[in-house]
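Notes follow the structure.
The values are calculated or read from the model by the stated rules, or taken from the named source; none is laboratory data. Note that the coordinates shown come from a computational prediction; the quantities given were computed from them, not determined experimentally. Ideal geometry is used to build each Cβ from the backbone, glycine not excepted, and the neighbour counts take in all protein chains shown. Surface areas here come from the heavy atoms of the whole protein model, side chains and all, with no ligands, DNA or RNA. Shrake-Rupley method; radii C 1.70, N 1.55, O 1.52, S 1.80 Å.
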Amino acid sequence: MKTLVVYLMSGPETPELAAAAVAGGADLVELGFPFSDPLADGPVIRRAAERALGQGMRTRACLECLARTRELLPEIPLVPMTYSALLEAYGWDRFASDAQAAGATSLIVADLPAGERPELRRVQLVAPTSTDERVRIAAEHTDGWLYLVTVTGTTGARADDSPALAGLVERARAVTNVPLYAGFGISTPEQARAAAELADGIVVGSRPVEVAEEGPDALRDYVRTLRKAVDAVVAA
């Protein structure tokens with residue numbers, strides 16, 4: 001079975017939205033912690049972050065959102081996605097402890113290179129531009145799965161599949177047996193299926209954030225289209 005990961009920005013409605021995503025077939029939910037200068041994020045997630053910050057979603061509020069989501073989804077892996085500056089301000093050890101207490105399964109720090117702060121358990125990211133050595137280090141230190149950034153640049157929907165994914169999967173598989181999940185630039189069922197044919201799972205972010213604005217039912221229905229596309233790879 002291929003893993004379907006859905007990203008949502010933390011906010012007052014996020015626990016219910018996360019439950020809707022899981023009802024649609026998501027296996028894991030990433031919860032974005034809004035940051036004022038999110039280098040890895042494209043315009044959709046940047047706007048969502050600005051909106052969340054305007055709603056008062058600072059680190060403590062995001063941890064409370066995580067805890068509420070955990071109450072609704074006791075069995076689903078929940079992974080906060082954040083940036084180094086937020087952890088630096090909050091306290092690295094304090095954040096790791098508080099996130100775990102709130103129900104985090106792991107953690108993603110988008111701008112923290114592999115090998116830095118190895119004591120912090122987290123999912124590592126690698127990109128097509130990563131050297132073989134960087135891929136190896138990331139694979140050795142990653143927590144549970146390795147996040148393959150399919151394109152060079154920021155998050156966001158794209159019209160075409162990434163031509164770099166196949167090569168990145170091949171390089172990662174040469175150095176590790178951990179599951180490989182592909183993300184960035186996946187928004188349609190067709191793109192989801194193409195990525196799932198190469199990787200062990202997919203991560204979808206910008207489009208769910210957009211659809212979530214229409215409410216839980218719309219999000220559930222959208223995630224179902226992704227689930228069907230990903231499952232078709234296994235059935236084929």
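Condition test on ASP93, is it closer than 26 Å to VAL149 by Cα and surrounded by fewer than 19 Cβ atoms within 10 Å (Cβ to Cβ)? Criteria not met by ASP93.
Number of residues in segment 8-27 that are open to solvent by less than 10 Å² (accessible area, probe 1.4 Å) and under 12 Å from the mean Cα position of the chain (by Cα): the value is 2.
Within segment 185-227, can you find the residues that are β-branched (Val, Ile, Thr), under 22 Å from ALA19 (Cβ atoms) and open to solvent by 20 Å² or more (accessible area, probe 1.4 Å)? Matches in segment 185-227: THR225 only. So, LEU53, is that one open to solvent by 60 Å² or more (accessible area, probe 1.4 Å), among the hydrophobic types (A, V, I, L, M, F, W, C), more than 17 Å from the chain's Cα centre (by Cα) and within 26 Å of GLU214 (Cβ to Cβ) or not? No; evaluated as a whole, the condition is false for this residue. Annotation note: Cβ proximity below 7 Å between a residue of segment 1-23 that is aromatic (Phe, Trp, Tyr) and a residue that is at pLDDT below 95 (sequence gap 6+ or interchain) occurs for TYR7/GLY205.
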